[in-house]
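The values are calculated or read from the model by the stated rules, or taken from the named source; none is laboratory data. A quick note: this is a predicted structure, and the numbers were derived from the prediction, not measured. In this analysis, Cβ positions are derived from the backbone assuming ideal geometry, glycine residues included, and neighbour counts consider all displayed protein chains. Surface areas here come from the heavy atoms of the whole protein model, side chains and all, with no ligands, DNA or RNA. Shrake-Rupley method; radii C 1.70, N 1.55, O 1.52, S 1.80 Å.
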Amino acid sequence: MTTLVLTAAAGSETGNRYRSNFDRAHLSLDPLLAVVADGMGDGPGSTMAAQTAVDLVVEHGRAAPAALGAAVALAHQRIADFGREIGGLAGCTLTALAQTPEGFWLAQLGDSRLYRLRAGLLELLTVDHTMAWLGAVHGWYPFDSRQAASARYQLTRYLGHPAHPDPDLMKINPRPGDTFLLCTDGIAEQVSYQQLLATLGSGNTPAAMVRDLLSAAEAAGGNDNATAIVITATGA
């Protein structure tokens, strides 16, 4: 039986649009727990929501999948309560990947993303919970249209949403040779598919790949906070 060996790195940059970084991330190994969250807006509700989401997944979400769902439910409640306290927006996206003896489990809310590079094919494993995604899938408008650009900011699911929507939960069976990328939209919206593929397929270390992705986002304009976690799997 092949033993999976994981190597990983994380990084984040503020960029040029905001005065502060409202992204939050966590990475730990043995077992793997990787989390990215992107606060909505640039106020106190943004900072609180992203940090709360990450903290609660780290504290409660390791025994996936039921624990991931429970952590999300608790985060919904605390973020919504804070939003009422400040009388303003409090919300964030969440992409979390947790290692269990049965494989990896993914929890997804919003438009942060999980990609997997396997055998030369880079696939997006998550769905953006936005009106832009719905519009592109159902043919309302082209994904690169002006309407889609506006609709990317209309999230249909996020942490802190008043309806407390459930996350997407998915089991992933990693294989030796896989490379995973968790990222906020500061990466996904600024770094092209071709550049993601080239970077993740470069054979560099996860730390070097993260640096290259953040540099690419900056070179594209640095128009958002950008956060990336790269995980590589090898066999032993």
Self-check item: The lone exception for Leu196 - which of (1) within 16 Å of the chain's Cα centre (by Cα); (2) under 22 Å from Val54 (Cβ atoms) it fails
Solution: (2)
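Touching a strand residue (DSSP E or B) at 6+ places or on another chain (Cβ under 6 Å), aromatic (Phe, Trp, Tyr) and within 30 Å of Thr52 (Cβ to Cβ): does that describe Tyr153? Before the answer, list the steps.
Numbers: touching a strand residue (DSSP E or B) at 6+ places or on another chain (Cβ under 6 Å): no; aromatic (Phe, Trp, Tyr): yes; within 30 Å of Thr52 (Cβ to Cβ): yes.
When the stated conditions are applied, Tyr153 does not pass them.
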Exercise. Select from segment 173-211 the residues that are of a type in the set (Asp, Glu) and either open to solvent by 70 Å² or more (accessible area, probe 1.4 Å) or over 25 Å from Gly235 (Cβ atoms) (or both) and list them in ascending order.
Key: Asp185, Glu189
Quiz item: Within segment 108-145, which residues are outside any strand (DSSP E or B), open to solvent by less than 30 Å² (accessible area, probe 1.4 Å) and touching a residue at least 60 places away in the same chain (Cβ under 8 Å)?
Solution: Gly110, Asp111, Ser112
Quiz item: Do we have any residue at all in segment 18-28 that's surrounded by fewer than 19 Cβ atoms within 10 Å (Cβ to Cβ) and either in a strand (DSSP E or B) or β-branched (Val, Ile, Thr) (or both)?
Solution: yes
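Got a sec? Which of Ala163, Ala148 is crowded, with 18+ Cβ neighbours inside 10 Å and more than 17 Å from the chain's Cα centre (by Cα)? Let's see the steps before the verdict.
Values: Ala163 fails: crowded, with 18+ Cβ neighbours inside 10 Å.
Of the residues listed, the single one that is crowded, with 18+ Cβ neighbours inside 10 Å and more than 17 Å from the chain's Cα centre (by Cα) is Ala148.
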Quiz prompt | Total residues in segment 67-107, condition closer than 30 Å to Thr2 by Cα, assigned to a loop (DSSP other than H, G, I, E, B) and touching a residue at least 12 places away in the same chain (Cβ under 8 Å) | solution = 1
